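Since the structure comes first, as structure tokens, the remarks are kept for the end.
The values are calculated or read from the model by the stated rules, or taken from the named source; none is laboratory data. These numbers were taken from a predicted model, which means no experiment stands behind them. Here the Cβ positions follow ideal geometry from the backbone for every residue, glycine too, while neighbour counts run over all protein chains shown. Surface accessibility is based on the protein's heavy atoms, side chains included, excluding ligands, DNA and RNA. Shrake-Rupley method; radii C 1.70, N 1.55, O 1.52, S 1.80 Å.
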Amino acid sequence: MNPLLIDFPTQFTTDRLLIRMPQPGDGTVVHQAIKASQAELKPWMPFAQKEQTPEDVEINIREAHIQFLKREDLRLLVFLQETGELVASSGLHRIDWDVRKFEIGYWIDTRHSGKGYMTEAVEGITRFAFEQLQARRVEIRCDARNVKSRAIPERLGFDLEGILKHDDLAMDGVELRDTCIFAKVR
């Protein structure tokens, strides 16, 4: 089946969060979150390696919106239901529609870390993948040294299927890193 013909909600909620596809105009709040979190994101995230302008981020958000509609990548923005503040960016990436396999990626605005929001969001996105998208496999991959990112799939009962040794370059472009692969399957 062509993924363009797959209908599913573009937003959903958890106890405290509204999780939805990116919309044109979201670039401003995403840019502010990146700026506030630059130091924490830089060791782990490619996009945090250089300063981005608000326009750069808005273009990226609009591209993400198009990719969502085309079912190529399902980025999701995470907001507090109560206040509407942006908390995090996440999504379902590296999609294989034939297998129904998805990889969850995520980063949190540092100003909102330590409150369980990212764990709640990933739990909600995992449920969305299995219930709405009929996922057969949901993965989370992270640098083995990223203790905070590793804690989320561990907390949510994902299985650590393996650690790929010297799988990729670290963000410094020199040092080799190991990648943890966590998964839930149905």
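Take the residues in the range 25-83 that are of a type in the set (Lys, Arg) and touching a residue at least 12 places away in the same chain (Cβ under 8 Å), then tell me which one is farthest from residue 118 (Cα to Cα). It would help to see each step written out before you state the result.
Keep residues of the range 25-83 that are of a type in the set (Lys, Arg), which gives 35, 42, 50, 62, 70-71, 75.
Okay, now just the ones that are also touching a residue at least 12 places away in the same chain (Cβ under 8 Å), so 42, 62, 70-71, 75.
Details: 42: 18, 62: 23, 70: 26, 71: 23, 75: 15 Å.
Applying the filter and picking the extreme gives 70.
Test of understanding: among 135, 151, which residue is free of Cβ contacts under 8 Å to residues at least 60 places away in the same chain, open to solvent by less than 40 Å² (accessible area, probe 1.4 Å) and part of a loop (DSSP other than H, G, I, E, B)? Before you say what the answer is, go through the steps one by one.
Working: 151 fails: part of a loop (DSSP other than H, G, I, E, B).
Unique residue meeting the criteria: 135.
Can you find, within the range 84-101, the residue that is farthest from residue 113 (Cα to Cα) among those that are of a type in the set (A, V, I, L, M) and open to solvent by less than 40 Å² (accessible area, probe 1.4 Å)? Reasoning before the result, please.
Filtering the range 84-101 down to residues of a type in the set (A, V, I, L, M) leaves 86-88, 92, 95, 99.
Then keep just the ones that are open to solvent by less than 40 Å² (accessible area, probe 1.4 Å); that gives 86-88, 92, 95.
Numbers: 86: 12, 87: 8, 88: 9, 92: 21, 95: 27 Å.
Ranking the qualifying residues of the range 84-101, first place goes to 95.
Can you tell me which of 160, 169 is modelled with pLDDT of 95 or more and exposed (fewer than 15 other Cβ atoms within 10 Å of the Cβ)? Working first, answer last.
Values: 169 fails: modelled with pLDDT of 95 or more.
Step by step, each of 160, 169 is checked, and only 160 is modelled with pLDDT of 95 or more and exposed (fewer than 15 other Cβ atoms within 10 Å of the Cβ).
How many residues, within the range 172-186, are of a type outside the set (Gly, Ala, Ser), over 19 Å from the mean Cα position of the chain (by Cα) and open to solvent by less than 60 Å² (accessible area, probe 1.4 Å)? Even if it seems obvious, please write down each step before you answer.
If we filter the range 172-186 for residues that are of a type outside the set (Gly, Ala, Ser), which is where we start, we get 172, 174-182, 184-186.
Subset that is over 19 Å from the mean Cα position of the chain (by Cα): 172, 174-178, 186.
Those still in the list that are open to solvent by less than 60 Å² (accessible area, probe 1.4 Å) too: 177-178.
Of the residues in the range 172-186, 2 are of a type outside the set (Gly, Ala, Ser), over 19 Å from the mean Cα position of the chain (by Cα) and open to solvent by less than 60 Å² (accessible area, probe 1.4 Å).
With respect to residue 11, is the statement that it is in contact with a strand residue (DSSP E or B) (Cβ under 9 Å, 6 or more places away or on another chain), under 19 Å from residue 126 (Cβ atoms) and open to solvent by 20 Å² or more (accessible area, probe 1.4 Å) true? Spell out how you get there, then give the answer.
Values: in contact with a strand residue (DSSP E or B) (Cβ under 9 Å, 6 or more places away or on another chain): yes; under 19 Å from residue 126 (Cβ atoms): yes; open to solvent by 20 Å² or more (accessible area, probe 1.4 Å): yes.
Taking the combined requirement at face value, the residue satisfies it.
Against the definition (open to solvent by 20 Å² or more (accessible area, probe 1.4 Å), farther than 24 Å from residue 186 by Cα, touching a Leu at 6+ places or on another chain (Cβ under 6 Å) and not β-branched (Val, Ile, Thr)), how does residue 38 come out, yes or no?
Numbers: open to solvent by 20 Å² or more (accessible area, probe 1.4 Å): yes; farther than 24 Å from residue 186 by Cα: yes; touching a Leu at 6+ places or on another chain (Cβ under 6 Å): no; not β-branched (Val, Ile, Thr): yes.
No, not satisfied.
For the range 104-123, check the following and say yes or no: at least one residue is of a type outside the set (A, V, I, L, M) and in contact with a Gly (Cβ under 7 Å, 6 or more places away or on another chain). Steps first, please.
If we filter the range 104-123 for residues that are of a type outside the set (A, V, I, L, M), which is where we start, we get 105-107, 109-117, 119-120, 123.
When the remaining residues are screened for being in contact with a Gly (Cβ under 7 Å, 6 or more places away or on another chain), the result is 105.
Yes - at least one qualifying residue is present in the range 104-123.
I'm trying to understand the selection: among the residues of the range 50-60, which are over 27 Å from residue 181 (Cα atoms) and either in contact with a Phe, Trp or Tyr (Cβ under 8 Å, 6 or more places away or on another chain) or part of a helix (DSSP H, G or I) (or both)?
Within the range 50-60, 54, 55, 56, 57, 58, 59 qualify.
Out of the residues in the range 76-119 that are over 22 Å from residue 31 (Cβ atoms) and assigned to a strand (DSSP E or B), state the one that is farthest from the chain's Cα centre (by Cα).
Result: 96.
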